[in-house]
Amino acid sequence: MPIDLSAVGRAVGPWERSWTAEEALLYALGVGAGAEDPLAELAYTTENTAGVQQQVLPTFGVVLAQFGGPAQSFGDFDPALLVHAEQELVLHRPLPAEGRMSLRRTVTDVFDKGKGALVVARTEGSTINGEPLLSTMSSVFVRGQGGFGGDRGPSEDWAPPAREPDAVLTFQTAPSQALLYRLGGCDHNPLHSDPAFAGRGGFPRPILHGLCTYGITARLLTGHFCGGEVSRVRRIFGRFTAPVLPGQELIVHAWAEGAEVAFRTETKEGGVTLDRGAFSFA
């Protein structure tokens with residue numbers, strides 16, 4: 001069965017998702033916290049350092065919202081042909097070190113991109129008392145499932161400011177980055193660990209999770225523009241445009257206009273991997 005167009009408007013939930021302080025710490029390690037200097041980001045990587053209160057990286061909210069809930073099908077196709085296309089996170093309040101929230105997800109659109117279909121879903125998360133906690137938008141591109149005559153969806157021109165970036169931030173991923181991230185990121189898609197599965201998708205070897213690149217980028221931006229204070233982060237958006245191989249160096253170019261930051265993440269080899277980036281903070 002191809003893409004199921006009747007999935008638009010279909011919702012799952014509400015369901016509850018809980019997490020522990022240890023899970024938040026493992027996620028932080030998966031997106032590189034403390035990798036370059038074990039003493040530099042102790043608020044993300046420890047829970048018992050004297051004088052340091054544990055903080056949860058905002059992008060851990062995407063993991064909580066998108067993994068572990070009820071299954072939501074929108075067609076029957078080879079999962080090796082599915083790739084993450086875009087991700088947005090809006091935080092209404094900081095995530096506590098441990099807690100529980102209620103979630104509900106809705107498929108909002110299925111766009112016909114010709115060579116594939118773009119499926120968009122939105123998730124709302126709230127505290128158990130009903131207070132808004134976070135909102136996410138996630139889209140996936142399914143190769144070979146386009147051409148059904150549907151709407152192509154909105155098209156927007158985007159270009160970074162025509163000036164030198166205000167910040168250039170770097171992170172050297174480890175060859176084992178995907179293997180570590182999958183434990184804290186809850187994403188056990190074999191595309192990131194199984195060479196044969198990755199080959200079915202046309203990749204020479206398992207690739208890094210797009211959400212790992214997203215989390216690394218957000219961590220670097222939070223450190224630079226917010227002084228590492230996660231309570232100041234409001235929104236993070238990015239479009240995944242090219243894969244990253246574990247072991248490649250990531251370079252984030254960022255242009256700030258007040259509390260709004262445009263960014264683009266590239267590999268050291270020059271390929272743009274996270275594009276059209278937007279980071280908002282208080």
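When Pro79 is evaluated against the numbered criteria (1) over 27 Å from Ser176 (Cβ atoms); (2) open to solvent by 30 Å² or more (accessible area, probe 1.4 Å), which criterion, by number, is the only one it fails?
Among (1) over 27 Å from Ser176 (Cβ atoms); (2) open to solvent by 30 Å² or more (accessible area, probe 1.4 Å), the lone unmet condition for Pro79 is (1).
Here's a check for you: in segment 41-70, which residue that is part of a loop (DSSP other than H, G, I, E, B) and without any contact (Cβ under 8 Å) to a residue 40 or more places away in the chain is farthest from Arg235 (Cα to Cα)? Quick ask: steps written out before the conclusion?
Quick first cut of segment 41-70, residues part of a loop (DSSP other than H, G, I, E, B) only: 41, 46-59, 67-70.
Going one step further and asking which of them are without any contact (Cβ under 8 Å) to a residue 40 or more places away in the chain, we end up with 46, 48-53.
On the way: Thr46: 25, Asn48: 29, Thr49: 28, Ala50: 30, Gly51: 28, Val52: 25, Gln53: 23 Å.
Top of the filtered list is Ala50.
Condition first: over 17 Å from Ser6 (Cα atoms), aromatic (Phe, Trp, Tyr) and loosely packed, with under 15 Cβ neighbours inside 10 Å. Can you find one or more residues in segment 156-168 that meet it?
Filtering segment 156-168 down to residues over 17 Å from Ser6 (Cα atoms) leaves 156-168.
Imposing the further condition that a residue be aromatic (Phe, Trp, Tyr) reduces the set to 158.
Imposing the further condition that a residue be loosely packed, with under 15 Cβ neighbours inside 10 Å reduces the set to 158.
The answer is yes; a qualifying residue exists.
Scan segment 201-241 residue by residue and report those that are part of a loop (DSSP other than H, G, I, E, B) and open to solvent by 10 Å² or more (accessible area, probe 1.4 Å).
Result: Gly202, Phe203, Pro204, Arg205, Pro206, Ile207, Gly227, Gly228, Glu229, Thr241.
Kindly evaluate Glu266 against the criterion of being open to solvent by 10 Å² or more (accessible area, probe 1.4 Å), without any contact (Cβ under 8 Å) to a residue 40 or more places away in the chain and under 25 Å from Ala40 (Cα atoms).
yes
Select from segment 3-40 the residues that are open to solvent by 80 Å² or more (accessible area, probe 1.4 Å) and part of a loop (DSSP other than H, G, I, E, B) and write down the one among them that is nearest to Val52 (Cα to Cα).
Leu39
What tally of residues in segment 113-171 results from selecting those that are in a strand (DSSP E or B) and closer than 18 Å to Gln72 by Cα?
Adding up the residues that qualify gives 17.
Based on this model, can you work out whether Gly185 counts as surrounded by 19 or more Cβ atoms within 10 Å (Cβ to Cβ) and at pLDDT below 90?
Yes; evaluated as a whole, the condition is true for this residue.
The values are calculated or read from the model by the stated rules, or taken from the named source; none is laboratory data. Keep in mind that this is a model prediction, so the values were computed, not measured. Please note: Cβ atoms are built from the backbone with ideal geometry, for glycine as well, and neighbour counts cover all protein chains shown. Calculation scope for accessible area: heavy atoms of the full protein, side chains included, ligands and nucleic acids excluded. Shrake-Rupley method; radii C 1.70, N 1.55, O 1.52, S 1.80 Å.
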